[in-house]
Amino acid sequence: MASVGGGAGNHLLKNPTSRSVGRLASAVTRRYTASMDFRSKLIATLKAIRPVLEEPGVLVVGSEIPNLLERGLAATMVVSQDIDIGVSVEAHSRVKARLGEVLDLERSSEEPSVWVPRLPNLVEVNFVGMDPRIHDASETYVLEDAELPLIVFGTLSFLRPGNPVDVEGLRVPVPRPAGLILEKLLTDRSGEKGHRDLLVVLGLLLVAEESDVAELVAEYRGLSAELRHEVQSNLTILSLLGPTAGMPDPQPHRGRIARLLTLLDEVGGG
């Protein structure tokens, strides 16, 4: 192997490399710091709303689920600076009562279904409604209430309780991955928000087990032809997306997405 000795040649090689390494190290440090800062806020907020999470019929339903399912709660995906909490309509009155025990967040004066932090180390919490009786994914209605009104989304009817995640001694109720994948694939969002939802789907696929994929295919089988087409279209879009900072890169996982599409094709209706 040719060695690189001293002199001008070494000087020309060394300085650009040093600058490149420095920029790379700085970028990695910023990304790591942002991820760790978000992780600490995520955990602190979940602890702050412990009374609500203890109620049956409550699930953490937002884009933070892949973070909670990552090994060691790595929370490497910085998707949004808030947490979505799904409240079953049957649990509404009980959850409303438990909110009185939440001390470090308060109801937003502008949106009563949003609770905002009183402390800088917490993030916003959004409450949405779940109604398992809904059979039309496009159906949406408002559960009117002066203290905790909820927008009830039909796509959330796909969610089923999964195994709770232990977060530093707190049992966090989360949905099964299959239902949440379908919810993200069928929720009508466009632009950057829509792309980020699709990258959340990828994050879920990366932690899903074979049984989760089988459940996803089974749920897909029960969809209308129109919804099946929407699922396959969004998975195809996901496979074509490029890298996004703080999110999983679809490019190395296009084979995984293609295999899922093949399974869905075998069901038909794509």
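The values are calculated or read from the model by the stated rules, or taken from the named source; none is laboratory data. Note that the structure is a prediction, hence the values are computed from the model and not measured. Using ideal geometry, Cβ is built from the backbone for each residue, glycine included, and neighbour counts are taken over all protein chains shown.
Checked against (1) closer than 23 Å to L198 by Cβ; (2) surrounded by 15 or more Cβ atoms within 10 Å (Cβ to Cβ), D136 passes all but a single condition, namely (2). Quick check: anything in the range 129-142 over 22 Å from the mean Cα position of the chain (by Cα) and modelled with pLDDT of 95 or more? Yes, the range 129-142 has at least one match.
Residue by residue, here is whether (1) out of contact with any helix residue (DSSP H, G or I) (no Cβ under 9 Å at 6 or more places or on another chain); (2) in contact (Cβ under 8 Å) with a residue 24 or more places away in the chain; (3) assigned to a helix (DSSP H, G or I) holds:
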site	(1), (2), (3)
E192	yes, no, yes
L204	no, yes, yes
A214	no, no, yes
E230	no, yes, yes
T244	no, yes, no
E266	no, no, yes
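Collect the residues in the range 218-270 that are among the acidic types (D, E) and under 16 Å from G179 (Cα atoms), keeping them in residue-number order. E219, E230 - these are the residues of the range 218-270 that are among the acidic types (D, E) and under 16 Å from G179 (Cα atoms). Criterion applied to D145, D136 was being in a loop (DSSP other than H, G, I, E, B), farther than 27 Å from E209 by Cα, in contact (Cβ under 8 Å) with a residue 12 or more places away in the chain and in contact with a His (Cβ under 9 Å, 6 or more places away or on another chain), and the one residue passing it is D145. Restricting the range 148-176 to residues that are without any contact (Cβ under 8 Å) to a residue 40 or more places away in the chain and within 24 Å of I43 (Cα to Cα), the residue that is surrounded by the fewest Cβ atoms within 10 Å (Cβ to Cβ) is G169. Of all residue pairs spaced 6 or more apart or on separate chains, none has beta-carbon atoms under 7 Å together with a first member in the range 88-99 that is more than 14 Å from R50 (Cα to Cα) and a second member that is of a type in the set (F, W, Y). Look through the range 113-126, keep the residues that are part of a loop (DSSP other than H, G, I, E, B) and either of a type outside the set (S, T, N, Q) or free of Cβ contacts under 8 Å to residues at least 12 places away in the same chain (or both), and return whichever of them is surrounded by the most Cβ atoms within 10 Å (Cβ to Cβ). Once the filter is applied, the top-ranked residue is L122. Filtered by the rule that a residue be part of a helix (DSSP H, G or I) and touching an Asp or Glu at 6+ places or on another chain (Cβ under 9 Å), the range 160-182 gives P177, A178, G179, I181, L182.
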